Every structure is written in structure tokens, then in C-alpha cells.
Amino acid sequence: MVKRFALARGIVDYPDGGRKIHTEPKPLLGGWAIYLSFTILMFVGLIFTDILPGKDLNLTVLTGIAVAGLIIMLGGWLDDYFKLKPAQQLVAPLIAIGLVMVSGLGVKVITSPFGGVINLNDVMWPGLAGAVTFFWLLGITYTTKLLDGLDGLASGIGVIGALVIFGLTQVTPFYQPSVGLLAIILAGSLLGFWVWNWHPARVFLGEGGSLLIGFMLGVLAIISGSKIATTLLVMGIPVLDVAWIIIRRVFWEKHSLAQADRRHLHHRLLDIGLSHRQAVGFLYALTAVFGISALFLGSRGKLVALGILVLVMAFLAGLLVWVYKYKKNRDAAS
């Protein structure tokens, strides 16, 4: 239905022969299918089960999540239709983040890798908890936006992330049935869309959909007990890719962050000769390995795993650059 709606109104993504590697116009707005499926089933859970709301998730927060998601989707629709400027694109995510924070969502404690927890409300700076919540949600929201460069990549990694959070909520020390229900609804909504988004994609997420995935994973990480380290392990590769892009664009090349290019990790995998599906599958595998490891590691183990992830990313980046230059020089010589 969303696909037909987007095609009828000309809300499509056109290939450009460069960063956009598809060969024919593709309908956008696919994120609406995810948002509507998730929201409808969340309220079905509220009405027909005794799981929602739960002790970890009250009705105010649930309503805040639904309305915040709607704001992100409306902002994304406006961007897909009117091609908003970067500053204008920020408005909807900022409003959505502010809304869920006002509804009561926030990072209140952080588990210390040296034992115990750090209560952010007890530290000297009273605004630290709010600042951590704000920048966490903003960062993870834009991570999936920048990740959405290959068919099925953002939606598939979103499925893995939601399933890992679901698994974590089912472990005895962290048992949270209400959060687990939300996580599995999100995983199912994303998986239903992924079928249409797998290469060759029949419909794209659109701006709203790519932002919504990261936003929802960030929200689930907070309400599952500030399991930010777990979500960072799941999203580690794209997070590090985005961090490198920011450093490269701002400090090295000295141009705007909004200036898109074709130098993301997933594009580099294509440049060295991997097929579209191979590149996406490789990133799925890395995400799954580090995500599943989070289910069996304590706080200190997760910190070590994050360090290993950084080393893996650095090695991978160096290897891809070397292979790319080797292929380029070989082709030039021939």
C-alpha cells in the first residue's frame, strides 16, 4: 500500500549514477509500513495483554514513543517530498527526542565496568543525565540514516539489533517482558519490510524510515535498563563508520557534514568487488557476532568487546583502502 501511494504521488528516489547505485526510480516512504505496524501492534498489546504497560514502561512513555515516531515520519515525508535543507531535516528528530525525554524517558544510571552503577542524577552536573540521553538518541538516530545506502542494510541490521535487545530482556537478571514485547514487535515490523527491501529493493525506507530505526533502537536501549553498551556492540560498525566520516569531512577534507559522498564502508565493500548481497551479508555477520556476544558478556567484557570492535574496524578500513588502491593501479596498468 505504501509503495503504491508513493508511486502515485511521485515520491520516489531517482538514481544519480554515483552514490545512489540503483538503476531505476524506487518508491520511498517505506518507513511508514514499519511505523504503522509497530504502533498498531503496540496498542494491540496494550488492549489485549497484561504485558503493556509494565513496571519498566508506563503508558506516558508508550504514548510519547508513538507520537515521537509519528513526528519523525512526518518530517521524513516532508524531506522526501520537498528535499529539505540539512538544518530543516534536524527539526523533526529534535522534537521527537525532546518529546520522549519529557514523557519520562532517560538514561539515569550507567553500569560501571569496574562494578556497581553510576547514577547520573547524583553527579555534580545536574544536566548530565539529560545530555547523555539527548546525544545518545541523536547519534544513534542519524547512524541508521547514514547506514541506509544499500538495499536491506539498515532494515536488516535493525532486525538484528531488535532481536538482541529482545534476547537480553529474556535473561533472568534483566527480565523485562514489556520491553521484550516492544523489541519483538519492532523486529517483526522491520522483518516484514525487509522482505520488500532486500536487493533488488522494491521500496526504500525513505528519510523517515531510516531515522525511525535508529531512534527506536536507541529508545529500546534506554528502557531496557540503559543497555547502551549492548546497542553499541550491535551498531558498532556503522557507529564507527559514521565517526570516521565526521572526522574525515570536518578535520581532514574541511567541508560540510551534509555533503554526501560514496566513501562509506558499505560503498568501499562494493568498490573492492563484492556484490551487493555479499557486502550486506558481510555487515550482517559482523553485526550479529558482536551483538550476540553482548548477551553473554558482563560490563567489563562489553568494554573489551568494544575495544576489539574498534581494532576490527581499523583493520578493515586499512584493508579496504589497500585493496581498492591495488585494484585501481592494476586496472590503470592494464
Among residues of region 285-311, those that are among the aliphatic types (A, V, I, L, M), part of a helix (DSSP H, G or I) and free of Cβ contacts under 8 Å to residues at least 40 places away in the same chain, counted: 5
Yes/no for I245 being touching a Lys or Arg at 6+ places or on another chain (Cβ under 8 Å) and assigned to a helix (DSSP H, G or I): yes
Tabulated pairs, region 318-334, first touching a residue at least 40 places away in the same chain (Cβ under 8 Å), second of a type in the set (D, E, K, R), C-beta under 9 angstrom, 6+ apart or interchain: L320/R268; L320/D271; V321/R268; V323/R268; V323/D271; Y324/R268; Y324/D271; K327/D271
Among residues of region 106-142, those that are at pLDDT 70 or above, in a loop (DSSP other than H, G, I, E, B) and either surrounded by 15 or more Cβ atoms within 10 Å (Cβ to Cβ) or not aromatic (F, W, Y) (or both), counted: 4
Residue that is nearest to A6 (Cα to Cα) [pool: residues in region 182-219 that are surrounded by fewer than 24 Cβ atoms within 10 Å (Cβ to Cβ) and under 15 Å from the mean Cα position of the chain (by Cα)]: W194
Residue count for region 322-334, restricted to those that are loosely packed, with under 13 Cβ neighbours inside 10 Å and part of a helix (DSSP H, G or I): 9
Region 64-105, subset in a helix (DSSP H, G or I) and among the charged types (D, E, K, R), residue surrounded by the fewest Cβ atoms within 10 Å (Cβ to Cβ): D79
Residue pairs meeting the criteria (Cβ under 9 Å; at least 6 apart or on separate chains; first among the acidic types (D, E), in region 138-149; second part of a loop (DSSP other than H, G, I, E, B)): D148/F204; D148/L205
Members of region 1-50 that are surrounded by fewer than 17 Cβ atoms within 10 Å (Cβ to Cβ), among the β-branched types (V, I, T) and assigned to a helix (DSSP H, G or I): I40, V44, I47
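The values are calculated or read from the model by the stated rules, or taken from the named source; none is laboratory data. These figures come from a predicted structure and were not determined experimentally. So basically every Cβ, Gly included, is an ideal-geometry build from the backbone, and we count neighbours across all protein chains shown.
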